[in-house]
1. Here are TYR30, TYR26: which of them is more than 22 Å from LEU108 (Cα to Cα), surrounded by 17 or more Cβ atoms within 10 Å (Cβ to Cβ) and out of contact with any Asp or Glu (no Cβ under 7 Å at 6 or more places or on another chain)?
2. Could you check, for the stretch 80-87, whether at least one of its residues is touching a helix residue (DSSP H, G or I) at 6+ places or on another chain (Cβ under 9 Å) and open to solvent by less than 30 Å² (accessible area, probe 1.4 Å)?
3. Identify, by number, the condition in (1) part of a helix (DSSP H, G or I); (2) over 19 Å from PRO121 (Cα atoms) that GLY25 doesn't meet.
4. Among the numbered criteria (1) closer than 16 Å to GLY124 by Cβ; (2) open to solvent by less than 20 Å² (accessible area, probe 1.4 Å), which single criterion is violated by VAL73?
5. Can you name every residue in the stretch 90-131 that is without any contact (Cβ under 8 Å) to a residue 60 or more places away in the chain, open to solvent by less than 100 Å² (accessible area, probe 1.4 Å) and more than 20 Å from ASP71 (Cα to Cα)?
Amino acid sequence: RSIGSLASLFTGLAMTALFESTRGGYMLAYCLLKQALTPSGSAKGEPPLWARTAAGAGANVVTWCVVYPIDVVRNVQVAHAAAHPAGQAPGWLACVRALLREDGPARLYRGYALTILRAGPVAGVILPTFEVVLPYLEAVL
């Protein structure tokens, strides 16, 4: 696909679709962790805030472990397309092969630690906040 063409707008689309398809796994991990962390005998079976926070952080860390290589491939594809406007955008498989040749599987996780430092606390705040606010939103809507 030539850069600058209409098709170039869709560079990285396959990896984006694959990345976004993991959202169900993220929520599944959150629910399972929340359930596992809820002390027996909790009021109405509701997890305390600390359990929701830990489950949110843990779910995001686990999910990023799985999807990080997908995000790396997508970002490399898009960066390559931007840096080589007259060239050909690499397909996802060619991109994966090039990354693996460059530094082996470790190349797919370059920058992972920084992502986790951000991802855990973010989800640890967002998911419990959403659960606390949801009943109020449902009452209004």
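The values are calculated or read from the model by the stated rules, or taken from the named source; none is laboratory data. Because the structure is a prediction, the values reported are computed rather than measured. Please note: Cβ atoms are built from the backbone with ideal geometry, for glycine as well, and neighbour counts cover all protein chains shown. Ligands, DNA and RNA are excluded from the accessible area calculation, which covers all protein heavy atoms including side chains. Shrake-Rupley method; radii C 1.70, N 1.55, O 1.52, S 1.80 Å.
1. Exactly one residue qualifies, and that residue is TYR30.
2. Yes; the residues of the stretch 80-87 include at least one that is touching a helix residue (DSSP H, G or I) at 6+ places or on another chain (Cβ under 9 Å) and open to solvent by less than 30 Å² (accessible area, probe 1.4 Å).
3. It fails just one condition, (2).
4. (1)
5. Of everything in the stretch 90-131, just one residue is without any contact (Cβ under 8 Å) to a residue 60 or more places away in the chain, open to solvent by less than 100 Å² (accessible area, probe 1.4 Å) and more than 20 Å from ASP71 (Cα to Cα), namely THR129.
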